[in-house]
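Laboratory data are not the source of any read-out in this text; all were calculated from the coordinates shown. Nothing here was measured: the structure is a model prediction, and the numbers come from that model. Cβ: placed from backbone, ideal geometry, glycine included. Neighbour counts: every protein chain shown.
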Amino acid sequence: MVPYSKTLPRAGRVFFAVLALLALSGCGRDTGTDTPAELEFEVIPEYLGEPYETAGIEFRPPFGWLPLDESQREQVADALIEEQSEDRFNLEIVDIFLHTDTLSFAALSAIARDGSRIAERSEYIESFETALGPAGDDDIRAQGTFLLNGIEVTQFRFLRNGRVSFTLIFSAPDKDVMQLDYSIPAAAYEDEGIKLESSIGTLQTHNREDS
């Protein structure tokens with residue numbers, strides 16, 4: 001991570017820390033082909049919670065970010081359904097992990113359209129980028145595609161409305177398009193943002209029969 005001065009006021013430190021977060025890119029290896037570079041992220045175990053696995057997708061959420069119980073998850077899903085339209089891409093929430101003190105969260109979702117999960121990433125990625133719209137004066141944004149533990153991932157990173165967000169879009173072993181979102185209030189970045197690189201670095205997929 002990019003260092004910043006501890007002599008800055010907290011608001012200034014948070015701003016420069018957020019810039020460092022959005023500059024995060026791991027250590028890439030150029031493949032010399034059209035294949036995206038493989039990125040390596042530093043994984044520090046003490047920044048991580050317990051391993052989570054579903055449908056051949058595995059990762060470790062940041063430490064202290066705990067899964068919602070079934071009733072809480074259903075409430076979030078119901079609220080999303082009220083906002084979603086059948087003629088566009090929609091999120092099917094799989095699980096949500098929340099840090100209650102900072103209201104930071106990670107959400108794993110499948111992407112659906114017209115009631116069915118989709119298996120083609122490119123159109124959804126284009127749609128997601130369009131939905132973000134042009135960067136405003138208060139936006140900080142970055143986008144890239146890379147290999148992470150052998151998975152092709154397109155990642156959007158942005159600061160908007162006082163929250164730092166990472167969105168990772170990738171395919172599950174069954175070809176469903178999946179989305180892993182991390183969201184942290186900018187004011188909580190000093191406490192929670194340092195956990196992100198470690199958590200992202202644990203994302204992997206595998207065939208369920210191999211597990």
For region 116-195, which chymotrypsin sites (Phe, Trp or Tyr not before Pro) pass both filters: DSSP loop (anything but H, G, I, E, B) and at most 10 other C-beta atoms within 10 Å? none
In whole Å, largest first, the alpha carbons of region 162-211 cover along the principal axes 42, 18, 10
